[in-house]
Amino acid sequence: MARHMFASSIASLLMLFSSTATAQEETVMSGTTSNDPHPYVGMWVTADGNIRQELLANGRYDEARGNRPSAYQGRYEISGNHIDYWDDTGFTADGYFEDGVLYHAGMVMYRQPIQ
């Protein structure tokens, strides 16, 4: 009986960890095309408007700097509030979202309202 209770407890723990991992995995956004885009998809800009980064629903990004449209392009993945970038030239970077603000490579970016 004690052996059965121990095995049952382990099975319950495994199910708990398995469901937690599954829930976390579902927050990863990587090139998906869903009817409901990820909440971070859209245009992010610095306060002075000099840097504009568009996170596209297909897992790609397009960043403009000053008068240079598409200065940087690549792919991104979001997991929770963390974002990883892979530029098409091989450069990598990361950042995080907090209270509606994107902190990326020393920049502070704000979501541009949809017009």
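Overview of values
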quantity	calculated
Region 61-115, residues that are more than 15 Å from residue 40 (Cβ to Cβ), outside any loop (DSSP other than H, G, I, E, B) and not hydrophobic (A, V, I, L, M, F, W, C)	65, 68, 69, 70, 72, 73, 74, 87, 92
Residue that is free of Cβ contacts under 8 Å to residues at least 60 places away in the same chain and touching a Pro at 6+ places or on another chain (Cβ under 8 Å), where the choices are 71, 57	57
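Bear in mind that the values in this text are calculations on the coordinates, not laboratory data. Owing to the predicted nature of the structure, the values given are computational and were not obtained by experimental measurement. Neighbour counts run over all protein chains shown; Cβ positions are idealised from the backbone, glycine included.
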